[in-house]
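Input: a single structure, listed below in structure tokens.
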Amino acid sequence: MKSKEIVILGSTGSIGTQTLEVVRSNEDMNVRAIAAGSNVDLLESQVREFNPEMVCVFDEEKALELKKRISNVKTEVVSGMEGLIECATLDSADIVVAAVVGMIGIRPVIEAIKAGKDIAFANKETLVTAGHIIMPMVKKYGVKMLPVDSEHAAIFQCLNGENSGEVDSLLLTASGGPFRGMTREQLEDIQVEDALKHPNWSMGRKITIDSSTMVNKGLEVIEAKWLFDVSFDQIKVIIQPQSVIHSMVQFKDGAVMAQLGTPDMKLPIQYALCYPERRYLEGERLDFCKLSDITFEKPDMETFKGLKLAYEAGREGGSMPTVLNAANEKAVALFLDRKIKYLQIADIIEECMMKHSIVDNPSLEEILEIEQRVYNYIDDRY
């Protein structure tokens, strides 16, 4: 197998740093470019360790600071959206790990696909808002879209060698987050610290909040529709609190295939980078003798209405998933800044969706315009 030449968009985040852990364990992997928002301290140490050709700091002032700090190395420093796209389309790279959080990831992913790069995909917002643009491009340019989210990676593995036309349903598992079983009354006074305590997974702040509200699972439902070309009626969410089963596929004959393992994001990351090869990965192994039980529950879509809203947005289609996603991004940011209460996250999403007039098959420009309109609407009111 030839060496893997990798670009990591979002190298200082949870997925990005774990991708670099995978690279450390594989001598035939090289990091060609890295990109992040503003964490110059971590970027500097990553540049010095991995010697990429290029590094992008989205914040221009921070990019100038990094340039001074690493003036004694050959790595080129770029900034802004243009810099992200330069990294994503670098000639020497063959796979791009798309791990930036938010809709900022759409344009770099589109340009990477056009440049013939395979995509190791962890930026769900891109498919949620622009799946109708991205997936036809994947086919047109003959690149691979390799999911890194644990649930979609599980489904991808379950479908390996199977006929996709024989799929009955996709069973997306969810841990239920830290507030599983609670009522809306009990969630009334939830604080930021409570919502950031995920029982099983180590993730970034925004995704951890999304997991607690179940909006994250809703975004994954929409993402799965595009990745696996199924209808929303074929996607079912099941609460599996132990996070042992990462997702399942039920086939037309009734057979169910599941992917199980310990909750470790390095497994789907390495699988995407090495596909179709499986390599040794250090870490804890699932011990079935110690596993006392695996339990399942139906999701409570009334208490955690973000999941119900995501199904509604997905079914309505067009620009509605963009509204869902943008409203959630803004509402989560407000909650993390302690400007709104926990239950207002879903309320704000619902309010924005109710006020929106759907645009069918929105262009990238329309998607970004709608995103900004949603941001402005929320800014004016909260």
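The values are calculated or read from the model by the stated rules, or taken from the named source; none is laboratory data. It should be emphasised that the depicted structure is a prediction, and the values quoted were computed from it without experimental measurement. With ideal geometry, Cβ positions are generated from the backbone for all residues, glycine too; neighbour counts draw on all protein chains shown. For accessibility, only protein heavy atoms count, side chains too; no ligands or nucleic acids. Shrake-Rupley method; radii C 1.70, N 1.55, O 1.52, S 1.80 Å.
Annotations for the structure displayed:
- Positive-end residue of GLN240, CYS158, PHE179, charge dipole of the chain with Cβ unit charges: CYS158
- The charge dipole of segment 271-330, taken about its Cα centre with unit charges on the Cβ of Lys, Arg, Asp and Glu (plus for the first two, minus for the last two), comes to roughly 140 debye.
- Here's the list of aspartates and glutamates a cross-link from LYS139 could span, going by alpha-carbon distance under 12 Å and ignoring same-chain residues fewer than 8 apart: ASP118.
- With a simple spin-label model that places each label point 7 Å from the Cα along the Cα-to-Cβ direction, the separation between GLU49 and CYS289 comes to 3.6 nm.
- Restricting segment 209-314 to chymotrypsin sites (Phe, Trp or Tyr not before Pro) that sit in a DSSP loop and have at most 15 other Cβ atoms within 10 Å of their own Cβ leaves TYR280, PHE288, PHE296.
- Total charge dipole magnitude, the chain, about the Cα centre, Cβ charges on Lys, Arg, Asp, Glu only, Debye to nearest 20: 400
- Compactness ratio for segment 1-92: Cα radius of gyration over 2.2 N^0.38 Å (N = residue count) comes to 0.99.
- Surface composition of segment 274-350: carbon and sulfur make up 50 percent of the accessible area, probe 1.4 Å.
- Two-decimal Rg to Rh for segment 264-309 - Kirkwood Rh, Cα set: 1.18
- Rel. contact order, % - alpha carbon contacts under 8 angstrom, at least six apart, segment 230-289: 23
- Straight-line reach from LYS330: taking Cα to Cα under 26 Å and skipping same-chain neighbours fewer than 8 places apart, the lysines in range are LYS62, LYS124, LYS197, LYS206, LYS217, LYS225, LYS305, LYS308, LYS339, LYS341, LYS355.
- Accessible area per residue in Å² at 1.4 Å probe, computed on segment 313-382: 47
- Sequence-separation-based contact order of segment 242-367, relative, with Cα cut under 8 Å and 6+ spacing, percent: 18
- Unit charges on C-beta of K, R, D, E only; dipole of segment 249-382, Debye: 320
- Gaussian network model of the chain, Cα within-10 Å springs - most flexible of SER243, SER292, SER169: SER292
- Most mobile listed residue (VAL73, VAL332, VAL31) in the chain, GNM with C-alpha springs under 10 Å: VAL73
- Computed over the alpha carbons of the chain, Rg followed by Dmax gives 20.2, 62 Å.
- Sulfur and carbon atoms: percent of accessible area, segment 147-267 [1.4 Å]: 47
- Taken over the C-alpha atoms, segment 257-382 has Rg and Dmax values of 19.7, 56 angstrom.
- Qualifying trypsin sites (Lys or Arg not before Pro) in segment 152-261, DSSP loop, other Cβ atoms within 10 Å at most 12: LYS197, LYS252
- Loop-located GluC sites (Glu not before Pro) in segment 275-382 whose Cβ has at most 13 other Cβ within 10 Å (DSSP): GLU277, GLU282, GLU284, GLU302
- With contacts taken as Cα pairs under 8 Å at a separation of at least 6 residues, the chain carries a relative contact order of 15 percent.
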